[in-house]
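In what follows, a single structure is set out as structure tokens and then discussed.
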Amino acid sequence: MNRTAAVVERIEALRNEINYHSRQYYVFDEPVIPDTEYDRLFRELQNLEAEFPQFIIADSPTQRVGDTPLAGFNEVTHSLPMLSLDNAFEEDEMGEFERRIRDRLKLDGGEKISYLAEPKLDGLAVSLRYEQGRLVLGATRGDGSRGEDVTSNVRTINAVPLKLQGNDWPPVLEVRGEVFMPREGFEALNKHARELGEKSFVNPRNAAAGSLRQLDPRLTAKRPLSFYTYGFGEVAPAPIASTQSESIYRLRHWGLPISPLQEVVTGIQECINYYLQIVQQRDTLPYDIDGVVFKVDDLNRQQQLGFISRAPRWAIAYKFPAQEEMTQVESIEFQVGRTGAITPVARLNPVFVGGVTVSNATLHNMDEVMRKDVRPGETGGGCGSYPVN
Ligand code: IVH
């Protein structure tokens with residue numbers, strides 16, 4: 001084999017290997033090599049591509065970050081609208097949700113309904129379009145009918161495959177999912193911003209939204225964004241399975257990440273149990289969630305149920321109680337810790353938030369007090385402004 005043929009072969013092998021390791025990490029949560037080894041493979045590919053630029057292709061793992069900032073985002077019309085969800089806040093409302101479904105489907109008392117249950121991620125919705133297995137468009141939700149073309153930015157998110165794995169995907173596959181910023185990355189980003197004297201973000205959702213709407217994809221690439229798929233837009237030919245859970249499961253084999261907490265549950269009692277189980281886990285998850293979502297699993301039933309205004313009748317978001325409330329600062333006191341460290345603490349007009357009554361909030365240190373300009377007698381809200389817990 002001559003040198004060029006050997007290089008082409010090696011480049012191909014490296015791309016496959018790098019994509020395989022990305023999937024093990026992002027899709028299956030089972031990395032098989034340490035980061036340093038991954039970096040070594042990546043650098044070898046970068047070096048070969050630098051030497052032989054004629055073999056660079058758009059979906060090479062080295063080509064996630066473009067170098068041309070955009071003047072603005074183009075508008076895109078979604079091939080199918082991006083819907084929103086009806087909300088439930090109480091157990092009773094979950095019962096009503098199922099009763100409405102039973103009535104519409106004319107089910108008798110004995111027949112049970114299965115749902116695909118999953119956390120409701122607190123990020124922003126995007127649509128990803130794959131044609132012939134290649135990512136051709138990434139768009140924000142916008143008003144549900146029209147969004148913005150953020151393809152160059154979604155390409156920088158490592159959890160988003162540029163190319164689907166295998167060859168049994170439909171030629172047109174549009175998936176919908178949530179771009180979010182894991183808490184650890186958010187904390188690091190804010191720490192860095194504070195060190196530089198820059199404005200920090202209020203919460204991971206705002207940080208994710210701000211990052212995805214950068215005109216320079218090189219900036220987006222530096223933000224720790226991730227992605228989980230939860231649904232479909234245009235799929236041709238369709239369907240790819242007869243249930244929501246199997247359809248989503250097939251996506252995993254094509255390299256799209258889905259939430260590891262997805263579960264099929266049957267009947268409303270199992271929905272409630274799932275909700276309670278996720279409430280328990282909420283604080284230990286590496287990202288923010290604001291509820292759980294239930295979707296009728298059977299796709300024929302989904303079709304029969306259809307939509308009302310902008311939301312499907314076959315899905316519901318069972319939301320957690322709000323974790324941000326407004327209240328008044330009564331006074332600021334200083335606590336002296338065991339080591340002599342002084343911590344300013346706000347005494348609050350008691351407020352019920354996230355299922356508990358909060359009457360004190362740490363202000364961390366004087367820099368924070370000055371930065372947030374917290375003063376007795378004033379009213380503020382949200383963990384971002386006065387941390388109430
Ligand atoms: S399903 C047809 N599943 O919630 C169903 N949405 O209030 C449409 N979201 O815009 C959405 N996690 O940004 C669905 N597991 C999940 C979700 C989820 C977060 C967001 C999504 C959507 C909003 C609807």
Going through the stretch 102-117 in order, the residues found to be hydrophobic (A, V, I, L, M, F, W, C) and touching a Cys at 6+ places or on another chain (Cβ under 9 Å) are A117
From the option list N153, N167, single residue qualifying as assigned to a helix (DSSP H, G or I) and either at pLDDT 95 or above or within 16 Å of the ligand (Cβ to nearest atom) (or both) is N153
Looking for something touching a residue at least 24 places away in the same chain (Cβ under 8 Å) and away from the ligand (no atom under 12 Å from the Cβ) - is there at least one such residue anywhere in the stretch 313-320? yes
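So which strands (runs of 3 or more DSSP E) are wholly in the stretch 44-146 and hold at least 1 residues that are away from the ligand (no atom under 16 Å from the Cβ) and under 30 Å from E270 (Cα atoms)?
114-121
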Only one of I289, I258 is at pLDDT 95 or above and either basic (K, R) or touching an Asp or Glu at 6+ places or on another chain (Cβ under 7 Å) (or both), namely I289
Kindly establish whether H21 is within 16 Å of the ligand (Cβ to nearest atom), surrounded by 11 or more Cβ atoms within 10 Å (Cβ to Cβ) and either over 25 Å from G138 (Cβ atoms) or under 28 Å from the mean Cα position of the chain (by Cα) (or both). no
If we keep only residues of the stretch 218-249 that are of a type in the set (G, A, S) and surrounded by 15 or more Cβ atoms within 10 Å (Cβ to Cβ), then the residue nearest to N203 (Cα to Cα) is S226
Exception for P161 within (1) assigned to a loop (DSSP other than H, G, I, E, B); (2) within 16 Å of the ligand (Cβ to nearest atom); (3) at negative phi falls at (2)
Checked against (1) over 12 Å from the mean Cα position of the chain (by Cα); (2) surrounded by fewer than 19 Cβ atoms within 10 Å (Cβ to Cβ); (3) of a type outside the set (K, R), P182 satisfies every condition except (1)
Subset of the stretch 83-100, residues touching a helix residue (DSSP H, G or I) at 6+ places or on another chain (Cβ under 7 Å) and among the small types (G, A, S), comes to A88, G95
Residue pairs within 6 Å by beta carbon, gap of at least six or interchain, first lying in the stretch 274-295 and of a type in the set (D, E), second within 11 Å of the ligand (Cβ to nearest atom), listed first then second, are D288/D122; D290/K120; D290/D122
Filtering the stretch 289-315 down to residues that are crowded, with 21+ Cβ neighbours inside 10 Å and part of a loop (DSSP other than H, G, I, E, B) yields D297, W314
Considering the stretch 154-169, residues that are of a type outside the set (V, I, T) and within 17 Å of Y287 (Cα to Cα), and then whichever is surrounded by the fewest Cβ atoms within 10 Å (Cβ to Cβ), we arrive at N158
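State yes or no: is G138 in contact (Cβ under 8 Å) with a residue 40 or more places away in the chain and closer than 29 Å to P312 by Cβ?
It is false that G138 is in contact (Cβ under 8 Å) with a residue 40 or more places away in the chain and closer than 29 Å to P312 by Cβ.
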Residue pairs qualifying under the 7 Å Cβ cut-off, at least six apart or on distinct chains, with the first in the stretch 212-233 being more than 16 Å from the ligand (Cβ to nearest atom) and the second being charged (D, E, K, R) and at pLDDT below 95, are R218/D67
When restricted to V172, V150, the only residue in contact with a Ser or Thr (Cβ under 9 Å, 6 or more places away or on another chain) and surrounded by fewer than 19 Cβ atoms within 10 Å (Cβ to Cβ) is V172
Taking the stretch 339-379 and the residues there that are outside any loop (DSSP other than H, G, I, E, B) and in contact with a Pro (Cβ under 6 Å, 6 or more places away or on another chain), the one that is farthest from G291 (Cα to Cα) would be V369
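If a residue has to be away from the ligand (no atom under 13 Å from the Cβ) and touching a residue at least 60 places away in the same chain (Cβ under 8 Å) to count, how many in the stretch 252-269 make the cut? Steps first, answer last, please.
In the first step, residues of the stretch 252-269 are kept if they are away from the ligand (no atom under 13 Å from the Cβ); the result is 252-256, 264-269.
Of the ones still in play, those that are also touching a residue at least 60 places away in the same chain (Cβ under 8 Å) are 252-256, 264-268.
The total comes to 10.
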Restricting attention to the stretch 328-335, does a residue exist that is closer than 30 Å to R100 by Cα, β-branched (V, I, T) and touching a helix residue (DSSP H, G or I) at 6+ places or on another chain (Cβ under 8 Å)? no
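If you scan the stretch 225-272, which residues turn out to be among the small types (G, A, S) and part of a helix (DSSP H, G or I)?
Hits for the stretch 225-272 are S245, S247, G267.
Condition first: closer than 20 Å to P161 by Cα, touching a helix residue (DSSP H, G or I) at 6+ places or on another chain (Cβ under 8 Å) and either among the polar types (S, T, N, Q) or modelled with pLDDT under 95 (or both). Now tell me which residues in the stretch 1-24 satisfy that. Even if it seems obvious, please write down each step before you answer.
Applying the first criterion (closer than 20 Å to P161 by Cα) to the stretch 1-24 yields 11-24.
Keeping just the survivors that are touching a helix residue (DSSP H, G or I) at 6+ places or on another chain (Cβ under 8 Å) gives 11, 14-15, 17-19, 21-22.
Once the filter is applied, which keeps residues that are closer than 20 Å to P161 by Cα, touching a helix residue (DSSP H, G or I) at 6+ places or on another chain (Cβ under 8 Å) and either among the polar types (S, T, N, Q) or modelled with pLDDT under 95 (or both), the stretch 1-24 yields N19, S22.
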Filtering the stretch 316-332 for residues that are of a type in the set (V, I, T) and either in a loop (DSSP other than H, G, I, E, B) or under 27 Å from the mean Cα position of the chain (by Cα) (or both) leaves a count of 1
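The values are calculated or read from the model by the stated rules, or taken from the named source; none is laboratory data. As the structure is a computational prediction, the values presented were derived from the model and not from experiment. All Cβ positions, even for glycine, are placed from backbone atoms using ideal geometry, and neighbour counts span all protein chains on display.
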